[in-house]
Amino acid sequence: MSYLKRRELLQRSLMAAAGSTAFGLLPAKLALAQSTLTGGTLLRGSLNYKALVCIYLYGGNDSINMVIPRDTAGYDAYRLRRQGNALPGDASNLAVPLASLLPLNPSQGPVNGGQYGLHPAMTGVKAMFDAGRCAVVANVGTLVRPTTKAMFELPGTLLPPELFSHSDQSVLWQTPASDVSARTGWGGRLADIYRLENPNQVLSMNVSLAGDNVFQSGRLVAPYFMNSQGVEQIDAIQTAQANCMPTGEWNRRRCLTFRALQNLGATATPGHAFERAYVEKTQRSISTAAQVASAIILHPANDVKFRPFWDAFGLTWTANSTNLPALPELARQLLMVARVIASRETLDMRRQLFFAGIGGFDTHDDQNANHPALLRDLSQSVSAFYQVLTTLDAAESVTSFTASDFNRTITNNGDGTDHGWGSHQLVFGARVNGNRIYGRMPSLAPRASNPDEVGYGQIVPTLSTDQYAHTLAKWYGYVQPNVEPIFYNLQYMDNTGGILSIPGPDLGFMQPA
Amino acid sequence: MKFARTWLYSIVLAFAANASFAQLPSDLIFKSGMDHPLEGPFTPEEAARFLQQATFGPKLADIELLTRIGYNAWFDQQFAATRSEHLPFIDGLLLGGDTNVFQGARIESWWRNVLGGNDQLRQRMAFSLSQIFVVSDQSGALEGLPTSLAHYYDMLSRNAFGSYRTLLSEATLHPSMGRYLSMHKNRKPDAVLNIQPDQNYAREIMQLFSIGLVRLNTDGTRMLSAGQPIPTYNTDTIRGFAHVFTGWNYSTCVTPTGPNQTWHWDWCGTRAQADPESQDYRLHRGWREPMRPFGEGSVYEAVYHSSVEGPMASPTGAKQLLIYPGVSPANGVLPSGGTARANMNIALDNVANHPNVGPFISRLLIQRFVTSSPSPAYIGRVASIFNNNGAGVRGDLRAVVRAILMDTEARRPTAVNRGKLREPLLRLSQLYRAFDAASRVPDRFNEYTDYWMAQAPLSSPTVFNYYLPNYQLPGEITTLGLFSPEFQITTDTYITRIVNEMGGKVFWQFQGNASLPPVNQWNPTLVNINRDLSFANNAEVLVSRYSLLMMGGTMSTAMSNLLVAHVRDMPNNNDEDRRRRVQDVLWLIMNSPEYVVEK
């Protein structure tokens, strides 16, 4: 496979689009036009590369069992709530043993003190935290206004809708504000602004490894879905080639009729909105697939620079093997993200947003059996990913962060936990102010005396998702304007009542851009 | 009868001259004993279009039959048809000594019934219900249990033409559902053990299986109070139901005979005492019988069922259930006390009688059968039938499905953006049925559709199904206020994979292809491409036939012209030439925008 120069690659893919009868149908969002959204002049190609990677944990990660108190008073309270009178071996004993915790010794701990440790499965994260590449952001959650327990119990307090409902909270975590379940996410809104920054106007700057998500949905930009196995192209017609010139005559004729039918669906009047949408998706899929495939083939999965993924899980890696052991799900996704990042110059991208996600965190049942493996997948995948990024000279340009529907309840239901609220998140990258715990860790005292607990085991957040997201967006380069700000509730996340553990729009966990 | 139909035709024409069909109230359909002007179908195309909605895809013979006997007789036949089941087939494999019986076998059974069962409407209803009352093998609890899931699906098909209230109860108490949404072994509060009742099932039974999150009018539109939607329940309600949903365990549990025998509860197995210890776990009765209150009838029931414990401050032990006009119990408050089963029945009555159920369930079913964006009027007509089938019965699913399919918006739609994006599974089933698909190993249909189309029966990624009913694709669809659930799985990856897989099935996996590997190496389902060679020499006939079979005759003239021109360009000298014509037309149709959107 000959090395494709960036220019040549762009020309080929644009030719493919141009040769297609659907070129004229490329939606406006991909057209080469100046945007009025930015309110400024972004010179294309003028910025240095940056990427955000959202690692979404579907179901509500039990971060109480991820970042665990290890000082005597803290652990006793934790153990009392999570173990109670259960015997060590019982399924209803959800407390992680103190001796097994990976101790964190941050240069800056939570504002209310206390010592913490990570779940024993998370050796990779521990190493990153110690090296200053990972920070814990404590007790973040969906908030419309800073809220106390007392306020929560008063009618009329502005609260996020459908608290503790998966579908709603996972949407709210991905939107710029928690007062209404929007259809666009803050990553999509960033992409709306930055999309023209990329010389490459074919590939969406939002790439998802985990399918559809609100985070990457903008008003103008929709994400490009890849999967961890790569990019696939349509057989039978090889439509990516200009003028339908594949190898066989049968294929060429089929290709032409296929395209004609696509064109019919796109242009018939009145036609059907669904047909137009289907054509648009198909066309974009075709041209993007060709482009991305040509780029990532230069960085195959068995290249030695991706070896850290196998090492992180203790799996055997052999050079030039076409049969490497299967990686866990998140590792597979982040490996593909790494390959796309490795291709950033070939693809001529300056700004990208990635979305990866794994499920299984809704541990109502069998939490002890299921949760540790998930934490391991998360921890080792991210630490391998970071190692690879340093090899790619991209560690300073890429910041990864976790998000999840909610925390779990402090209480347990017999062998698992239910839906909680405020939760602890992890951010990773060379530009993260690591080895710190930002914010305030909640009390795990018994319910009757717990000032942070509402309902039956849910913790009121002391940082909002707006603040968390804006801190990341600000590092990305975003400056919140007065008109149509992305994070429109951020103005309320201030020091009113001294409720938030860190007031204001910037939580401080990112070094200056 | 034939004379009566001819007489009816003239009445219909008279009607058509004076009034639009759309103005005829659809409740005229259900007046018994009276033939009705909307009796049809009047053309094979109408019949084919109906069968796309009501079955897993028409065969030519099905179209001919329906055209001949009419809708009413067709419904009668369908309601009377023998029910296809899954569990006997799977049990047969196990009892015959086959140990490799897992979810693949269950899915094989699904295809076997979909392709060969005559009870197409019932199976379509069961499939639709499986996307509402979701359980899935994508769960650690259920992935090894093909028999339990098969039994669950059989339960859905058994209730497909029955009562919603019965369906609600049987789904709630099914061990698969109990494990999937953690009602199984849910227990009452225990301060010492720091346990509160699990809220999982309480949430989902309301949010997904019955009423949704906000109050609805009968036509499905949201009720508003001071301009804001009205929630149907709050956290108190959830806690109330969570407390009711306690104390249930497998049917095979042994009632303790003395105190402190918690291990009976914790370690209750699914094997019945009477069955041998060596019995394969997949045959265990606990997985195929409704759950029972643990220690039912004994003092032990109250150890786990939250009879006199409740989340309300006052009165103690009471549980807040749903509140709505005319609600029972009074104010939606379940008094303290009562057995697990009695409290369960009251709670399920409380849910099933909520005025939201009609519009909520009707809309979901309309989306599965007919269109993604039904008008409020359509929803209202169907919901009214749910509320009262005409004979004073609430929740009659037979009447509901009939109302959905016979509504003017289903039979004579006028909206420009009508219909829906075809579910990938239904596209495949349609191909297979239309082309007499068969397996070289009888009854064994190896299909692993999840990989390439993001859909497989009872295999949804979460309890929220493959796609959300309110999903709106960003862009024109959102701007127009349309809903497009199936677009949620129509991603770049799956578009490409579906096109490629359909290519494989059409160009390669056909009966009589001598180049296929031996069946013991690979056993794909094979379509009968060679069947239509006799008229493949005639481009117009070929295209017109496939428009009927695959698109209910809705293919546009422009599309037909393109396909005819394409076929005419292809040689026509021998059978192989003609086979290639059939394959090209079929592949081009199945991957065309016009086909993919069912109208």
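Remarks
- Axis of helix B:376-387 versus longest Cα principal axis of chain B: the two differ by about 50°, to the nearest ten degrees.
- One Cα centroid belongs to region B:417-494, the other to region B:283-302; the line between them spans 37 Å.
- Electrostatic bookkeeping for B:R83 treats Lys and Arg as +1 and Asp and Glu as -1; over the other residues with beta carbon under 9 Å from its beta carbon, the sum is -1.
- Once exposed loop GluC sites (Glu not before Pro) are cut out (DSSP; at most 16 other Cβ, 10 Å), longest piece of chain A: A:154-344
- Look at the stretch A:415-427: the mean tally of other chain Cβ atoms within 10 Å of its residues' Cβ atoms is 2.
- Distances between every pair of Cα atoms in region B:471-557, grouped in 5 Å steps from 0 to the bin holding the largest one, split as 3, 11, 13, 13, 17, 16, 12, 9, 5, 2, 0 percent.
- The protein assembly as shown has equivalent-ellipsoid semi-axes of 46, 40, 28 Å, by the square roots of 5 times the alpha carbon gyration tensor eigenvalues, sorted largest first.
- Direction-averaged projected area, Cα convex hull, chain A: 25.6 nm², rounded to one decimal.
- Three principal axis extents of region B:161-352 based on alpha-carbon atoms, in descending order, are 62, 41, 25 Å.
- Centroid-to-centroid, using Cα positions, region A:288-337 and region A:431-457 are 38 Å apart.
- Given R0 = 56 Å, the distance between the Cβ atoms of B:L65 and A:S449 translates into a calculated FRET efficiency of 0.15.
- Those chymotrypsin sites (Phe, Trp or Tyr not before Pro) in region B:87-165 that DSSP places in a loop and that have at most 16 other beta carbons within 10 Å: B:F102
- Considering only the protein assembly as shown, percent of DSSP beta bridges that pair antiparallel, nearest 5: 50 percent
- With R₀ set to 30 Å, the beta-carbon distance separating B:N260 from A:A369 gives a calculated FRET efficiency near 0.70.
- P(r) tail, region B:325-436: Cα-Cα pairs separated by more than 17 Å, 64% of all pairs.
- Partner chain coverage, peptide B:466-478 - average Cβ within 10 angstrom: 4
- Between helix A:367-391 and chain A: long-axis angle, C-alpha atoms, 0 to 90°, nearest 10: 50 degrees
- Computed FRET value (nearest 0.05) for A:D303 with B:N100, which takes r as the C-beta separation and R₀ as 45 Å: 0.75
- Cα shape, region B:393-441, gyration tensor, a/c 1.5 rule: oblate
- Rough spin-label spacing in nm, given labels placed 7 Å along Cα→Cβ, for A:Q108 and A:V479: 2.4 nm
- Counting neighbouring beta carbons within 10 Å and listing from fewest to most, the residues A:M336, B:M291 come out as A:M336, B:M291.
- Under the combined filter of DSSP loop state and at most 13 neighbouring Cβ atoms within 10 Å, region B:219-303 retains these GluC sites (Glu not before Pro): B:E277.
- Full extension of the chain segment joining A:S100 with A:A326 gains 78.6 nm, where the gain is 0.36 nm per residue of separation less the Cα-Cα distance.
- Taking every C-alpha pair closer than 8 Å and separated by at least 6 residues, the mean separation divided by the residue count of chain A gives a relative contact order of 29 percent.
- Separation in nanometres of the label points that stand 7 Å from Cα toward Cβ, at B:V416 and B:D236: 4.8 nm
- The residues A:M122, B:M555, when put in order of fewest to most other Cβ atoms within 10 Å, stand as B:M555, A:M122.
- Separation between Cα centres of region B:569-599 and region B:207-281, rounded to whole Å: 50 Å
- Chymotrypsin sites (Phe, Trp or Tyr not before Pro), loop per DSSP, at most 14 other Cβ atoms within 10 Å - longest free stretch of chain A: A:4-487
- Applying the criteria of a DSSP loop state and at most 13 other Cβ atoms within 10 Å to the chymotrypsin sites (Phe, Trp or Tyr not before Pro) of region B:411-503 yields B:Y448.
- Inter-label distance for A:E396 and B:V541, nm, one decimal - labels placed 7 Å from Cα along Cα-to-Cβ: 7.4 nm
- Diffusion coefficient, µm² s⁻¹, Stokes-Einstein with Kirkwood Rh over alpha-carbon pairs of region B:69-150 at 37 °C and 0.692 mPa s: 234 µm²/s
- Square roots of five times the Cα gyration tensor eigenvalues for region B:336-393, Å: 29, 13, 8
- Dipole in debye (nearest 20) - the protein assembly as shown, about Cα centre, beta carbon charges: Lys, Arg +1; Asp, Glu -1: 1700 debye
Read the figures in this text as sums done on the coordinates, not as results from a lab. From a predicted model like this one, the values you see are computed outputs, not experimental measurements. Quick reminder, even Gly has a Cβ in these numbers, built from the backbone with ideal geometry, and neighbours come from all protein chains shown.
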